[in-house]
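The values are calculated or read from the model by the stated rules, or taken from the named source; none is laboratory data. Just so it is clear, the model here is predicted, and its values are computed rather than measured. Note: ideal-geometry Cβ built from the backbone for every residue, glycine included; neighbour counts use all protein chains shown. Heads up: the accessible areas ignore ligands, DNA and RNA and are worked out on the full protein's heavy atoms, side chains in. Shrake-Rupley method; radii C 1.70, N 1.55, O 1.52, S 1.80 Å.
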Amino acid sequence: MRTNPAIQAAIDLTAGAAGGTACVLTGQPFDTAKVKMQTFPSMYKGLIECIVKTYKQVGLRGFYKGTTPALVANIAENSVLFMCYGFCQQIVKGVVGLDRKAKLSDLQNAAAGSFASAFAALVLCPTELVKCRLQTMHEMQLSGKIIQGHNTVWSVVKSVIQKDGPLGFYHGLSSTLLREVPGYFFFFGGYELSRTFFAAERPKDQLGPIPLMVSGGFGGICLWIAVYPVDCVKSRIQVLSMSGKQAGFMGTFANILRNEGVFALYSGLKPTLIRAFPANGALFLAYEYSRKMMMEQVDTY
C-alpha cells in the first residue's frame with residue numbers, strides 16, 4: 001500500500017494540512033509584527049515598539065488579524081507543498097537514475113522541495129494577499145493611504161474583486177515565486193541536513209520530537225535568511241496595491257533601495273527569525289507524526 005500513489009498523495013496532503021495549522025497557531029503574532037514592520041518601517045523602530053503600539057492601538061486581537069486567511073493560506077500551501085514534495089522526490093529519483101524505493105540525499109531532497117514550492121505558490125499568493133492586507137489595515141488608515149479599512153476576510157475579498165477582478169489576488173505572484181523556489185531549497189535542505197546530523201547511524205524516521213522540532217526550526221531560519229528581502233518586497237506590493245497600482249518586483253525593489261536604503265529590506269527580520277523556530281518546528285512535528293500515524297494505519301490493511 002505504501003507505493004500506491006493516490007493513497008500516498010492523500011496522506012502527504014493531510015499531513016501537510018496538519019503541519020500548516022500547527023505553524024499558524026504557533027507563530028501568528030510574530031508574523032503580524034513582521035508584515036507591519038516590512039510594510040511601514042518608518043512607523044516602528046523595532047519589534048518591541050511594534051508590539052507595544054499594536055497592543056495600545058488595537059489590543060491583543062491586533063496580533064491575530066488575518067489568522068483565518070493565514071490558516072487557509074498555510075493549510076493550502078503546505079497541503080500542496082508536501083503532496084507535490086512526494087511527487088517531486090520521485091521525479092528527482094527518475095532524473096538521477098535511482099530506484100523508486102531508494103533514499104535521496106539531503107541535496108536531492110532540497111531540489112525536490114524547491115520544485116514543489118512552485119506549485120504551492122499558486123495557492124498561497126491569493127490567501128497571503130488577504131492576510132497581509134488585514135494585518136496592516138490599521139497602518140494603511142493611519143498613513144492616509146486609504147480612507148476606510150476592511151476588517152473582515154469577506155470585505156477584503158470583495159474589495160479586491162471589485163477593484164481588480166480575480167487576477168487582483170495575484171498581486172505579488174512573481175515575488176512569491178522568487179521567494180518560494182529558492183527559499184524552499186534552503187528550507188528542505190536545512191531540515192534534511194539537520195535530521196541527518198541528529199540521526200547519525202539511525203533511520204531518520206526514528207527521531208524523537210525534540211530533534212524534529214530543532215530540525216524544522218533550523219530549516220525555517222535557513223529559508224528566511226536566504227530570501228527575506230524578496231518577502232519584504234512581496235509584502236509591500238500586496239499591501240500597498242490597496243491604494244493604487246504598484247510597480248513590479250524590480251521597480252519596488254529599486255524604490256526601496258533608492259528611498260529607504262538596504263536595511264529597509266530587512267525590516268521585521270527579528271520577529272521572523274523568532275517565529276521561525278517554534279512555528280516551523282511545530283509544522284514538521286505535526287507533519288511527520290501525523291504522516292507516520294496514517295502510514296501505519298494504511299499498512300495494517
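Quick notes on this one:
- Relative to the Cα centre, the charge distribution of the range 34-154, modelled as +1 at Lys and Arg Cβ and -1 at Asp and Glu Cβ, gives a dipole magnitude of about 280 debye.
- Residue separation of K245 and L25 scaled by 0.36 nm, minus their Cα-Cα distance, works out to 75.9 nm of gained length.
- The mean sequence distance of close C-alpha pairs (under 8 Å, at least 6 residues apart), as a share of the length of the range 190-301, puts its relative contact order at 34 percent.
- Residue among S194, T252, G220 farthest towards the positive dipole end of the range 194-274, charges placed on Cβ: T252
- FRET efficiency for the pair K204 and A10, taken as 1/(1 + (r/R0)^6) with r the Cβ-Cβ distance and R0 = 25 Å, rounds to 0.65.
- Charged-residue dipole, Cβ positions (Lys, Arg, Asp, Glu), the range 33-79 about Cα centre, Debye nearest 20: 220 debye
- Fluctuation leader among V96, V80, V157 - the chain, Gaussian network, Cα springs under 10 angstrom: V96
- Kirkwood hydrodynamic radius over Cα pairs of the chain, then Stokes diffusion coefficient at 10 °C and 1.306 mPa s, in µm²/s: 80 µm²/s
- Here, P(r) means the percent of Cα pairs in each 10 Å bin from 0 to the largest distance; for the range 161-301 it is 11, 31, 27, 19, 10, 2, 0.
- Annotation: average projected area of the range 74-163 is 7.8 square nanometres, based on the convex hull of Cα atoms across all directions.
- Residue-by-residue Karplus 3J(HN,Hα) for the range 100-107, coefficients 6.51, -1.76, 1.60, Hz, glycine and proline x: 4, 8, 6, 8, 7, 6, 4, 5
- Applying a DSSP loop filter and a limit of 12 other Cβ atoms within 10 Å to the trypsin sites (Lys or Arg not before Pro) in the range 74-138 leaves R100, K101, K103.
- Average Cα contact separation per residue, the chain, under 8 Å, 6 or more apart, as relative contact order %: 28 percent
- Separation in nanometres of the label points that stand 7 Å from Cα toward Cβ, at F263 and A118: 3.8 nm
- Per-residue HN-Hα couplings for the range 126-131 [Karplus 6.51, -1.76, 1.60; θ = phi - 60°; Hz; x = Gly/Pro]: x, 6, 6, 4, 4, 4
- Annotation for the range 23-54: trypsin sites (Lys or Arg not before Pro) lying in DSSP loop with at most 11 further Cβ atoms inside 10 Å of their Cβ are K45.
- Top of L129, L240, L98 by mean-square fluctuation, Gaussian network on the chain, Cα under 10 Å: L98
- Helix-only CD estimate at 222 nm, as mean residue ellipticity for the chain, using -39500 (n - 2.57) per DSSP H run (n ≥ 4): -26500 deg cm²/dmol
- Structure remark: mean-square fluctuation, Gaussian network model of the chain, C-alpha springs under 10 Å; the largest value among D231, D12, D99 belongs to D99.
- Each of M137, V95, T68 was placed along the dipole of the chain (beta-carbon charges, centred on the mean Cα), and the one lying farthest toward the positive end is M137.
- Hydrodynamic radius of the range 236-293 by the Kirkwood approach over all distinct alpha-carbon pairs: 14.3 Å.
- Heavy atoms of the protein chains alone define the surface here; on that basis the chain has 46 Å² accessible area per residue at 1.4 Å probe size.
- Here the 3J(HN,Hα) profile of the range 87-94, calculated from phi with Karplus coefficients 6.51, -1.76 and 1.60 at θ = phi - 60°, is 5, 5, 4, 5, 5, 4, 4, x Hz, Gly and Pro shown as x.
- Rounded percent of accessible protein surface that carbon and sulfur make up, the chain, 1.4 Å probe: 67 percent
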